[in-house]
Amino acid sequence: MISFYPGPSRVHDEIPSYVKDAYKAGIMSINHRSPEFVEMSKKTIGLLKKKLSIPKEYTILYTSSATECWEIIAQSLITTKSYHLYSGAFGQKWYEYTKRIRPGATTCAFDREVMPEPALFTFDSDSVICLTHNETSNGTQIPNSLIRAFRKRNPTSLIAVDATSSMAGVVLDFKSADIWFASVQKCFGLPAGLALLICSPAAVQRAKRINEKDHYNSFNFMMEMIAKWQTPFTPNVLGIYLLMRVLEDAKSIRETDRITRARFDAWIKFFDGVKSLNLLTKNKKVRSYTVFPIEAPEAIVSAIKASAKKNGILLGEGYGDLKPTTFRIANFPAITDNEIKTLQRFLKKF
Ligand SMILES: *Cc1c(COP(=O)(O)O)cnc(C)c1O
């Protein structure tokens, strides 16, 4: 089965051999307080900073999912006010999870074809502004320049960015925000069960001031432990090992970004030539480079779905209301050129 599912998604070809290596090297049973673990964790964080161009003064924490990151931010970094700017289902879920923990969460939903205008928003100082960099549900993204504009206008607020389906696929301007997170089963091309929470010194300061320590995953406990390259709980040791191995071979994020965009451009050209299939997002400025929903009449979408399965191709379902008239294609780095060709040959028939 060739997977174009936008998460959990195709893993890198080398994963089975890395899992074997992990077993042989005893990684699956190592103690998470042992010097072997500490060395592996330190190396992984170093590789993340190097390969993804994360500023060295930022802290990287291991969590188990993006959903967990939503909760950590709510419990440990938000005092009363958070503002949630989103156009799709994941941004909305983040808002709903936060609201249960911090009732001051405020929704600032916008249309998926619209690029939000920073001048139109006023936020309380000391709040947290929550942005979804790549909205996996509807295939839209916000550019780095927009995050920088929010930063400039709101110097006393923290900016938190969900980059679950774009981190490791495109260049992110980490300096323009305080909190970034992603789980690894999307753009990283790894199995699920691990996520990264990346924080600026300002975020660390804010957490210290709030001093919340009520949960096993309270930010301050995580910070104390990561100073020793560890976690308060037993982490996904195999996941961290696989991440380390994949990063060792990974290209720089600039190079990956170039390939992601070139593939995206090739997809656009392809769909220009197929009459019945169109990109859902019409506004070019908000189109995601890593996930795109394709729109077609309902009969064609159901024919494609049925036939894809028979041909060993796994496509993403359209999300929510869009389900009957769309399907989604992931454009993640682990997907090969040959697989893209196969999918294009298949789609040409419709
Ligand atoms: C998949 C996804 C999530 C949820 O990730 P989990 O690891 O399942 O918690 C959150 N946000 C975005 C944008 C996603 O694509």
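The values are calculated or read from the model by the stated rules, or taken from the named source; none is laboratory data. All of these numbers come straight from a predicted model, not from anything done at the bench. No Cβ is skipped: glycine too gets one built from the backbone with ideal geometry, and neighbour counts run over all protein chains shown. SASA here: full protein model, heavy atoms, side chains in, ligands and nucleic acids out. Shrake-Rupley method; radii C 1.70, N 1.55, O 1.52, S 1.80 Å.
Quick notes on this structure:
- Legend: residues Thr234, Thr132, sorted from most to least accessible area (1.4 Å probe; ligands, DNA and RNA excluded), read Thr234, Thr132.
- Isotropic mean projected area of the C-alpha convex hull, the chain (nm²): 16.9 nm²
- Which of Ile340, Gln75, Tyr241, positive extreme of dipole for the chain (C-beta unit charges): Ile340
- When you restrict to C-alpha pairs under 8 Å that are six or more residues apart and normalise by the size of segment 264-350, the relative contact order lands at 29 percent.
- Mean ellipticity per residue at 222 nm, deg cm²/dmol - from DSSP H runs of n ≥ 4 across the chain, formula -39500 (n - 2.57): -12500 deg cm²/dmol
- Residue-normalised convex hull volume from the C-alpha trace of segment 1-82: 175 Å³ per residue.
- Sequence-distant contacts, meaning Cα pairs under 8 Å at least 6 residues apart, place the relative contact order of the chain at 25 percent.
- With 5 Å bins beginning at zero, the pair-distance distribution over Cα atoms of segment 216-350 amounts to 2, 8, 15, 17, 14, 10, 10, 10, 7, 5, 2, 0 %.
- For the chain, the antiparallel share of DSSP beta bridges with both residues in that region comes to about 50%.
- log10 of Debye I(q)/I(0), alpha-carbon scatterers only, for segment 187-292 at 0.16 Å⁻¹: -0.92
- When you count the other C-beta atoms within 10 angstrom of each residue and take the mean per peptide, 287-294, 38-45, 161-168 line up highest first as 161-168, 287-294, 38-45.
- Under a Gaussian network description of the chain, with springs only between Cα atoms under 10 Å, the residue in His215, His133, His32 that fluctuates furthest is His215.
- 28 Å Cα-Cα threshold exceeded, pairs from Lys186/Lys285; Lys42/Lys81; Lys20/Lys50; Lys50/Lys99; Lys251/Lys348: Lys42/Lys81; Lys50/Lys99; Lys251/Lys348
- Largest-first principal axis extents of the Cα set of segment 61-139 (Å): 32, 28, 21
- Cα gyration tensor, segment 1-147 - rounded (a/c under 1.5), prolate or oblate: prolate
- Ranked by solvent-accessible area (1.4 Å probe, protein heavy atoms only, all chains present), the residues Lys51, Lys228 order from largest to smallest as Lys228, Lys51.
- As a length-normalised measure over Cα pairs under 8 Å and 6 or more apart, the relative contact order of segment 1-157 settles at 18 percent.
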